Each structure stands twice: as C-alpha cells, then as structure tokens.
1. Of all residues in segment 411-433, which are assigned to a loop (DSSP other than H, G, I, E, B), closer than 18 Å to M176 by Cβ and either in contact with a Lys or Arg (Cβ under 7 Å, 6 or more places away or on another chain) or open to solvent by less than 70 Å² (accessible area, probe 1.4 Å) (or both)?
2. Look at segment 1-53 and say how many of its residues are small (G, A, S) and crowded, with 18+ Cβ neighbours inside 10 Å.
3. From the list A39, A57, pick out the single residue that is in contact (Cβ under 8 Å) with a residue 60 or more places away in the chain and closer than 21 Å to G254 by Cβ.
4. Considering only segment 379-410, state which residues are of a type outside the set (K, R), away from the ligand (no atom under 14 Å from the Cβ) and either more than 20 Å from A143 (Cβ to Cβ) or assigned to a strand (DSSP E or B) (or both).
5. Among the residues of segment 290-318, which ones are over 21 Å from the mean Cα position of the chain (by Cα) and modelled with pLDDT of 95 or more?
6. Give me the helices (runs of 4 or more DSSP H) completely within segment 162-208, filtered to those with at least 3 residues that are farther than 24 Å from G150 by Cα, ordered by residue number.
7. Which number in (1) of a type in the set (S, T, N, Q); (2) touching a helix residue (DSSP H, G or I) at 6+ places or on another chain (Cβ under 7 Å); (3) more than 12 Å from the ligand (Cβ to nearest atom) marks the one condition that T240 misses?
8. Checking I369 against (1) of a type in the set (A, V, I, L, M); (2) in contact with a helix residue (DSSP H, G or I) (Cβ under 8 Å, 6 or more places away or on another chain); (3) farther than 24 Å from S142 by Cα, which single condition isn't satisfied?
Amino acid sequence: MKMKYYSTNQKSHRVSFSEAVVNGLAPDGGLYMPSEYPAFPRGFFNKIGQRSFSENAFQFIRPFIAEIPDADLIQIINDTLTFDAPLVELENKLSVLELFHGPTFAFKDFGARFLARTLAWIIREKDREITILVATSGDTGSAVASGFFGVEGLRVCLLYPSGKVSHIQEQQLTAMGGNVTALEVDGSFDDCQRLVKRAFVDRDLLHSKKLTSANSINIARLLPQSFYYLHAFAQLRNKTDKPIRYCVPSGNFGNLTAGLIAKKCGMPAEYFIAAVNANAVFSEYLQSGLYKPRTSLRTHSNAMDVGDPSNFVRILELYAGNFNPLKNDIRSVSISDSETVETIKSVYSKFNYIIDPHTAVGVAAHFTIKTEKDLHTVVLSTAHPAKFSRIVSAAIRNPVPMPEQLAEYLRRKKHSIKISARFDDLKEFLINS
Ligand SMILES: *Cc1c(COP(=O)(O)O)cnc(C)c1O
C-alpha cells in the first residue's frame with residue numbers, strides 16, 4: 001500500500017504526504033484525507049500495553065507516510081514525544097488523559113512538534129529556508145512557536161492581535177526568540193488572518209520567499225493526535241478489559257477526528273462524546289441532521305469557541321456522508337459556562353483534582369451522558385489548569401499551583417515587532433528580514 005492524500009473537494013486529485021504537508025490546505029480549498037485506512041489486526045491491540053508510547057505511535061503512523069524511512073520516522077516520533085500522556089483514574093470507570101505535559105501545557109504540542117519535524121525532514125538539503133506564517137489568537141501560536149523553535153531550515157512568524165491575548169499566552173508567543181519572530185499587529189485576530197491569507201497570494205512575496213502555514217488543518221498535525229488515543233487504550237488495557245468511550249472537548253474537531261481515524265484503523269472504542277461549550281453547531285447537527293455554522297460565542301473554554309469547525313468536512317468524509325453510522329459513533333452535548341465552573345468545583349471537592357475549563361466541559365459531558373453497560377470513560381484533558389488560573393482559582397477558591405516551566409515563561413523578556421494592520425507593512429518586513 002502506498003498512501004496518498006486527496007482533497008475533500010476533489011477525490012481524483014491525489015498527492016504525496018509531503019505535498020499535503022507543505023500545502024496545508026489543498027489548492028482547491030479542500031482538506032487532505034488519507035486515501036486508505038490501514039486495518040490493524042486484533043493482535044496489534046491485544047499486545048498494545050506491552051509496547052511503549054513511541055513504539056505504538058511508530059507502528060500506527062508507519063503506513064500513513066510512504067516517503068520517510070523507518071529510522072528517520074522513529075527519530076521524528078522520539079523528538080515529538082519527549083513528554084508523557086498519563087492516564088489518571090478519578091473514580092471507578094472514569095479516567096482523565098492528561099495531554100498537557102508538553103512545553104506549552106496544552107495538547108496542541110503533540111501536533112505542532114510532529115508537524116515541525118516532518119516539515120524539516122521534507123525540506124532537508126534544500127538551500128532555501130521556509131517561512132511559516134501563522135495568525136494566532138493564543139494557544140495555537142504558542143504550540144507552533146515552541147514546536148518549531150530551533151528546528152533547522154524553518155523560520156516562524158507569528159501574527160497576534162496586540163492587547164487581545166492573555167498575559168501567559170503573550171509570554172509564550174514573544175519570549176521564544178531564535179527562529180521565532182512575534183509580530184504584534186495593531187488590529188484584531190481577523191486582521192491577522194487576513195494578512196496571512198493575503199501573503200499566500202502575493203506574487204512578490206511568493207517569488208522571494210517559500211511560505212507555508214501551520215494551521216490546525218494540516219494533516220501532519222492531525223495524524224499524531226491519534227497517538228495518545230492508542231496510549232490511553234494501552235494504559236487502560238494494563239488495568240481492565242472494560243470497553244471504552246472517549247470524551248473529547250471539541251472546537252475545530254481535530255482532536256475528535258484523530259480518535260475516529262484510530263477507530264477506523266481498528267482501535268476498539270464503543271463511541272466518542274464530542275463535548276462542546278455554548279458553540280453547539282455540532283450537537284445540533286447530530287440532533288437535526290442540519291449543519292448550521294454561525295459566528296462563535298465567547299466562553300470560559302475559549303480555545304473551543306468555534307462556530308464553524310474546520311474538521312467537520314473530514315468527519316463527514318470519514319462516514320461518506322452517512323448520517324446513521326456517524327450517529328452511532330459520536331454523541332454530543334453542549335455545556336454552559338456555569339456548568340463548566342460547577343464541574344471544576346465538584347471535581348476538586350470530590351476527587352481533590354484540579355481541571356481547566358476545557359477539560360471541565362469534557363467531564364461535565366461525561367456526567368450528562370449516562371454510561372451504558374460496563375463502559376469506562378476516558379476524558380481527554382486538553383490544557384493545564386494553571387493556564388486558566390483566573391477562572392479555575394475562582395471556582396475552587398484556592399490558588400492553582402503554577403508549574404515551574406510555566407512560571408519561567410512569565411519571567412522571560414517579551415520580544416515583539418509592532419506592525420500595523422496594513423498588508424504593506426507585513427510585506428516589507430517579510431521581504432527585508
Ligand atoms: C484547541 C483546543 C481544544 C479544541 O481542540 P480541537 O481539535 O480544535 O477540537 C480544546 N482544548 C484546548 C485547551 C485547546 O487548546
């Protein structure tokens with residue numbers, strides 16, 4: 001089998017993994033999907049608990065990437081998975097998968113680190129440097145900045161709206177240095193996105209620079225997110241044989257899509273819960289069969305404030321547009337801000353365990369959707385509570401312990417270059433630097 005990638009807009013147009021990664025979005029505006037799903041045999045999953053996190057990751061991703069040889073792929077995975085994703089049992093039949101032990105304390109580290117290293121592999125031995133342009137409203141940018149930091153041949157320019165990201169986020173964006181430059185835009189997040197989009201179609205720029213994006217739809221950010229589903233399964237299999245449901249706090253639905261892909265390749269999973277905040281287009285879709293995107297609402301779980309999830313088309317594609325099988329695999333519920341705060345509070349008092357607002361949406365969804373049979377629920381914990389300490393400390397009426405590495409970010413010196421929201425400013429900067 002030689003894996004190819006096709007665009008959700010045009011099935012017949014197939015590209016290699018490398019081309020899909022460098023393009024990010026397909027030229028026709030579609031999202032890339034794998035042409036096949038390898039069927040892992042039962043034996044692979046029966047023995048999963050005996051293998052390490054990175055061994056399972058390697059075996060899983062091997063068939064998806066035709067061109068990277070074994071030794072290089074193992075290196076990329078080892079450089080990505082420099083931290084663990086432990087499964088913490090809160091009570092009988094409920095565990096939390098902690099995905100926040102990476103450098104920016106959020107699960108986006110997995111995808112960003114893998115993407116940076118695969119891109120570096122793809123452009124190896126080419127004499128031209130690649131510039132990664134990213135517009136960010138916060139978390140994506142810090143994961144990308146950290147994931148790409150120090151990777152040879154890559155230069156990162158982050159555009160963020162001045163005064164509109166949190167203090168911790170701004171420190172994580174601006175204190176990196178090295179091959180990472182933070183451009184502080186006098187404008188909104190939408191201005192940042194507009195500037196980036198325009199850069200990709202500007203002839204002068206394309207002539208002088210090799211530009212690419214690192215946005216969340218990149219296939220090399222999506223696929224490595226399956227790794228930790230396997231890792232959760234492996235950890236649980238060493239304890240119990242109970243069937244599992246996965247509960248996923250969702251915004252753009254990349255995280256959930258990666259779980260569905262693992263299931264499609266044979267990973268046993270009863271079903272998935274897409275836990276959403278007040279931005280409920282997906283849960284409404286499951287109820288009515290109608291998809292009605294709209295502008296997003298602001299909530300406590302702001303990384304999930306998405307009114308038109310970009311991976312929705314990928315989910316439809318996985319089920320070939322068939323509503324019933326999709327409904328069998330995914331349930332969904334919308335959780336309000338007050339339920340979110342209540343859940344942070346009750347998890348703290350019941351289990352003496354502190355969760356962030358995104359994880360709280362997941363835990364609340366678990367308690368809302370009754371468990372059938374003998375299911376064990378794994379809730380994906382997407383961020384460290386200290387990143388959202390204002391909301392969390394108010395809920396638990398206690399300070400949130402700050403990890404030393406996060407405190408270290410806060411002590412660093414901010415370095416940003418201020419630019420206006422005019423495209424000419426960005427263009428001049430990119431051409432002259
Ligand atoms: C990005 C993000 C999410 C949502 O993940 P999707 O893959 O976009 O659904 C949830 N929680 C946190 C903390 C995030 O940063």
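1. Scanning segment 411-433 gives S416, S433.
2. Residues in segment 1-53 being small (G, A, S) and crowded, with 18+ Cβ neighbours inside 10 Å: 6 in total.
3. Going through A39, A57 in turn, the sole match is A57.
4. Within segment 379-410, S393, A394, A395, I396, N398, P399, V400, P401 meet the criteria.
5. Those that are over 21 Å from the mean Cα position of the chain (by Cα) and modelled with pLDDT of 95 or more: L290, Y291, K292.
6. Filter on segment 162-208 gives 189-199, 203-208.
7. Just one mismatch for T240, condition (2).
8. Result: I369 passes all but (2).
The values are calculated or read from the model by the stated rules, or taken from the named source; none is laboratory data. Please read all numbers here as calculations on a predicted model, not as lab measurements. Every residue, glycine as well, gets a Cβ built from its backbone with ideal geometry; the counts of neighbours run over all protein chains shown. Just so you know, the surface numbers come from the protein's heavy atoms only, side chains and all, with ligands and any DNA or RNA stripped out. Shrake-Rupley method; radii C 1.70, N 1.55, O 1.52, S 1.80 Å.
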